[in-house]
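Following: one structure in structure tokens, then a few remarks.
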Amino acid sequence: MIDKFLLAFRDIRERKARSILTVLGIAVGIAAIVSLMSVGYGMEHAITGELTEMADMISVMPGELRGGSYVEKGSFTDRDVSDLQRIGGIKDISTMTYDAAEVEYRNKRVPIFVLGGDTKELESFYVEPVGLKEGRWLRENDYKGCVIGDRVANDFFDEVIHVNDKLVINDEKFVVVGVFEKGDMLYSNDVDSNIFLTLRAAKEVLQTDEIKYIIVRVYEIDEAERIAEEIEERINDNHGLDDFANAMTMGSMIELMGDIFMIIQGVLIGIAAIALVVASIGIMNTMLMSVMERTHEIGVMKAIGAKSRDVLSLFLLESSMVSLVGGVIGCVVGVIIAKVLSFLGSAASGLEIAAIVKPEVILGGIAVALIVGVLSGFYPARKASKMSPVEAVRYG
Amino acid sequence: MIHTENLSKTYRMGEVEVQALRDVNLEIKDSEFIAIIGPSGSGKSTLLNLLGCLDKPTSGAVFIDGIDTGKLSENGLAEIRRKKIGFIFQQFNLIHTLNALENVALPMFFAGVGREARLKRAEEQLVKVGLGDRIYHKPSEMSGGEQQRVAIARALSNDPAIIIGDEPTGNVDTETGNAIMDILEGLNREGRTIIVVTHDAEIAARAARTKGMRDGKVLD
């Protein structure tokens, strides 16, 4: 058996350039799959990691997340909030309100979203993950203070806004007490283009009692699902609607993220799979050429006693060995690329992404390479084995 | 013993049918040394291929030790080739990625003989044909005569009863050709049946019996 390997190995070595190209073809396909999967797992882990820190939180919205965008169906009322306070297991409820407002700075007016809520909640929600570049966060009694996002400070107006500068929001004067850092991928939407006020100030400035967002904190994380359901029921009852309130636990949020990632991974792997198909077509072509070139040699082997099966296994062994080497190289290269991509991804998004190389992925990569080698080598090997010795011997 | 009964072979070359052999009836006894001589196109190579079980008849039969080769499967033919027949070709037909030792061991490899036994016997064979000091050389590193001797050693690999040579001296000079015929005579003395095809009358003369061929027929 070892001798079959040696024989196959000699033949591969004889056609170095061609063998190397075939190996490269497989290596590229496998490297793509391995690196994409590893980076994918790393990203998923990084993002869900951030989310698990808020595991005891339920976010309640008067609308639905549909296909990646939020469809608002109305707003909550104070009655909704007091009803929620009666549900068992709830540690804390805080509300937020937001709306567009006209903001003026040094004679330029721009519409900007103003967000008001419980200062402690907002602090753990936004200030802790994103951080402040200048100044300080809001205090409960900051009646006329505001904290602005990075884009508000730097992009929306003609001049850069700093702490102690004065803004006019819907004709009311406010003082900037703090400026946010630029938010990373997860937070930039919520933070960069917004202005933050206390709940009281926001309600006044926006002239509204509408509650656009409720955050509920529970005592027991295991209870979260049950409590979320009850929240939805009670609010829906209040409004006489069926599908109005949407209470999401962190658990379901993490699940949602997981699903999204699987879809993205699926697409990327689909692309890598196409690369593999191309590689396997390459192998089949290479093997066919090899068989054609060695027609004479095959005839000689049959003349000296080789059975059809001997010829078949010889060629199959060759294509398997080539693709196996390609698979191993692909895995190694894939891991290296994964680490590089994670590094770049971390830098670009501000998240700490570390590629996660799972053993199943490596084993899978090698297995796929081997299968590709056997499948694409089969037709040429069969052709070789069926050659008539007479034709073959005469060919030379 | 080998004999043929009304052996015929027709080839199809594109649209044209070529009758290479017509009703050949030939008998070769055990341990005979026979040469078949004829011009190009006489069908001698075709006859050789059929006797050597590389191909099957279109009609008629080839019997080797009483077995009708036309009734054998591909694997059956391969087995006869492996066990009873040793081939020598005009162009040597050695595998150029392997050295002399490995080339001679190859038939034994296909016969399932173990590695050590193979290589030992291969070396013995090479010593017998006078190439004991070239066993690790590749065909590209040898002269024509040396390559043909390796081919003979290879043909003897599985200790066949029949040696078939298709113009075995065609690609070498006269002196080497004679040396090769010497080896074949030696093998004949050992009791093997030797069948040689040639267009060279001098080479044919060294066989015990000569048969001529023309246009697919064996002449009396």
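Values quoted throughout were computed directly from the atomic coordinates according to the rules given, and no laboratory measurement underlies them. All values derive from a computational prediction rather than experimental measurement. Here the Cβ is made from the backbone with ideal geometry for all residues, glycine too, and neighbour counts use every protein chain on show.
Assorted remarks:
- Chain A - percent relative contact order, Cα under 8 Å, separation 6 or more: 29 percent
- Order of B:T176, B:T4 under a 10 Å beta carbon neighbour criterion, fewest first: B:T176, B:T4
- Fraction of beta bridges assigned by DSSP in chain B that are antiparallel (%, nearest 5): 50 percent
- If R0 is taken as 22 Å, the Cβ-Cβ distance between A:E14 and A:F378 corresponds to a FRET efficiency of 0.55.
- Summed side-chain charge close to A:A201 - residues other than A:A201 whose Cβ falls under 10 Å, Lys, Arg +1, Asp, Glu -1: 0
- Listed by Cβ neighbour count within 10 Å, with the fewest neighbours leading, B:V127, A:V368 appear as B:V127, A:V368.
- Label-zone membership for the range B:23-50, site B:T58, 7 angstrom Cα→C-beta point, backbone N under 19 Å: B:23-26, B:40-50
- The modelled label-to-label distance between A:E352 and A:D190, using points 7 Å beyond Cα along the C-beta direction, is 2.0 nm.
- For the range A:91-218, the fraction of C-alpha pairs more than 27 angstrom apart is 10%.
- Rounded to 0.05, the FRET efficiency of the A:I336 and B:D182 pair, given R0 = 51 Å and the Cβ-Cβ distance, is 0.20.
- Counted by neighbouring Cβ atoms within 10 Å, the residues A:K166, A:K91, B:K9 run from fewest to most as A:K91, A:K166, B:K9.
- Of the beta bridges in the protein assembly as shown, as assigned by DSSP with both residues counted there, near 70 percent are antiparallel.
- A:E140-A:E233 FRET efficiency (beta carbon distance; Förster radius 30 Å; 0.05 resolution): 0.40
- Charge tally in the Cβ shell below 9 Å around B:I194, where Lys, Arg are +1 and Asp, Glu are -1, B:I194 excluded: -1
- Since only A:V71, A:G258, A:G42 are under comparison, the one whose Cα sits farthest along the positive direction of the charge dipole of chain A, derived from C-beta charges on Lys, Arg, Asp and Glu, is A:G42.
- Once the Cα atoms are used to define both axes, helix B:144-155 deviates from the longest principal axis of chain B by about 80 degrees.
- Label point 7 Å beyond Cα of B:K138 along Cβ direction - residues of the range B:83-103 with amide nitrogen under 15 Å: B:94-103
- Charge tally for A:G149 (other residues, Cβ to Cβ under 11 Å; Lys, Arg +1; Asp, Glu -1): -2.
- Put simply, the amide H of B:V18, placed in the peptide plane, has neighbours under 5 Å in B:Y11, B:R12, B:M13, leaving out anything fewer than 5 places away on its chain.
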